Amino acid sequence: MKHHCLHVLPFLLLFLFLALWTLYPPQAVAAPKRDAAAPERQSSLSKEQAARVARDRTGGRVLSVRPTAGGFRVKVLTPDGEVRYVPVGAGGR
């Protein structure tokens, strides 16, 4: 009987692993995702501050400010008439 169990054990372990993998895939147990809809609440940088940072960097006119996972994406019209997207991180970088 002991000899028979040794042949079955790898299959049982594989079955258990696959069952757990199906029930709890790696994405389900990973760190929770940040709420992309409200990064202002999570970051120390406001939309207005992000706009000011982008305006200071480019010398242009801010057209829009959109939240991203790491801060903001600011659309700027430069003095040369070029539209640029300036990423502004949560730390103002």
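The values are calculated or read from the model by the stated rules, or taken from the named source; none is laboratory data. The structure presented is a predicted model; accordingly, all values stated were derived computationally and were not measured. So basically every Cβ, Gly included, is an ideal-geometry build from the backbone, and we count neighbours across all protein chains shown.
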- Pull up region 32-52, narrow it to residues that are within 15 Å of Gly70 (Cβ to Cβ) and in a helix (DSSP H, G or I), then point me to the one that is modelled with the lowest pLDDT. Glu40
- Message: Checking the conditions here, which among Val86, Val8, Val29 is of a type in the set (Val, Ile, Thr) and modelled with pLDDT of 85 or more?
- Response: Val86
- Message: If Val65 meets every condition in (1) surrounded by 12 or more Cβ atoms within 10 Å (Cβ to Cβ); (2) at pLDDT 70 or above; (3) not in a strand (DSSP E or B) apart from one, which number is that one?
- Response: (3)
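Would you mention how many residues in region 70-85 are within 13 Å of Leu45 (Cβ to Cβ) and not charged (D, E, K, R)?
The initial filter retains those residues of region 70-85 that are within 13 Å of Leu45 (Cβ to Cβ), namely 70-74.
From what is left, the residues that are not charged (D, E, K, R) are 70-72, 74.
So the answer is 4.
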- Note on the structure: Selection from region 79-91 of residues touching a Gly at 6+ places or on another chain (Cβ under 6 Å) and exposed (fewer than 14 other Cβ atoms within 10 Å of the Cβ) yields Pro79
